[in-house]
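To start, the structure under review is shown below, and the notes come after it.
The values are calculated or read from the model by the stated rules, or taken from the named source; none is laboratory data. Being a predicted model, the structure only gives us computed values, none of them experimental. Virtual Cβ from ideal backbone geometry, glycine too; neighbours counted across all protein chains shown.
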Amino acid sequence: MKHTRPTPVRAAWSGPLGAMTLAATPQGLCGVWFDGQRHEPDTSAWPRDDRHPLLRAAMDQLAAYFDGRRLAFELPLDLGTGTVFQQRVWQALLGIAAGQTTSYGALSAAIGQPAAVRALGAAVGRNPLSIVVPCHRVLGSDGSLTGYAGGLHRKTALLALEQRAVHP
């Protein structure tokens, strides 16, 4: 019997880098997308609940993050929309501390699949929890800013924000 996932609830939030959609299931926060970003799902059929406690907590923590008062998130996460491989990659992203970066190759090696750099890059690009699962902290092997579903201008801004918070 195939397990069906519950329909997430959603809420809108506007931060300094633009409008965002947040989503949650009973298991945890399952989505944080910049409006219009690549790989953003169609959430229009999901019920809207701007007072959902987990979505409110996520909004509060995002506001604190952008104000420089928080560098890590303390929220239950639901990463169940991804494949087993994607979930491994997303879990590995959670281990990159604010103010730190890594390369796609180093992250691929860290999960024990050094030859899977392209697949890892695709999984990073499909991260459903922008900012909260810090895919913006992954750089090209030469340290260059490469792909970010929310746009390179946002990746640049997030990394700069974290550098200011870590090294005031």
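Quick rundown of the values:
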item	result
Qualifying residue in the stretch 146-165 (condition: aliphatic (A, V, I, L, M), at pLDDT below 95, closer than 17 Å to Tyr104 by Cβ and in contact with a strand residue (DSSP E or B) (Cβ under 7 Å, 6 or more places away or on another chain))	no
Residues of the stretch 128-148 satisfying the condition of being touching a Cys at 6+ places or on another chain (Cβ under 8 Å) and among the hydrophobic types (A, V, I, L, M, F, W, C)	Leu129
Residue in the stretch 119-134 that is farther than 22 Å from Val84 by Cα and either surrounded by fewer than 15 Cβ atoms within 10 Å (Cβ to Cβ) or not assigned by TED's automatic domain parsing to the domain that holds Gly36 (or both) present	no
Positions within the stretch 151-168 being of a type in the set (D, E, K, R) and either under 18 Å from Gly121 (Cβ atoms) or not in a helix (DSSP H, G or I) (or both), in sequence order	Arg154, Lys155
Subset of the stretch 75-93 [within 12 Å of the chain's Cα centre (by Cα), touching a residue at least 40 places away in the same chain (Cβ under 8 Å) and closer than 18 Å to Ala122 by Cβ]	Leu79, Trp90, Leu93
Residues within the stretch 142-161 that are closer than 14 Å to Ile131 by Cβ, under 15 Å from the mean Cα position of the chain (by Cα) and not hydroxyl-bearing (Ser, Thr, Tyr), tallied	8
Members of the stretch 146-168 found to be without any contact (Cβ under 8 Å) to a residue 60 or more places away in the chain, surrounded by 15 or more Cβ atoms within 10 Å (Cβ to Cβ) and more than 18 Å from Gly36 (Cβ to Cβ), listed by number	Thr146, Leu159
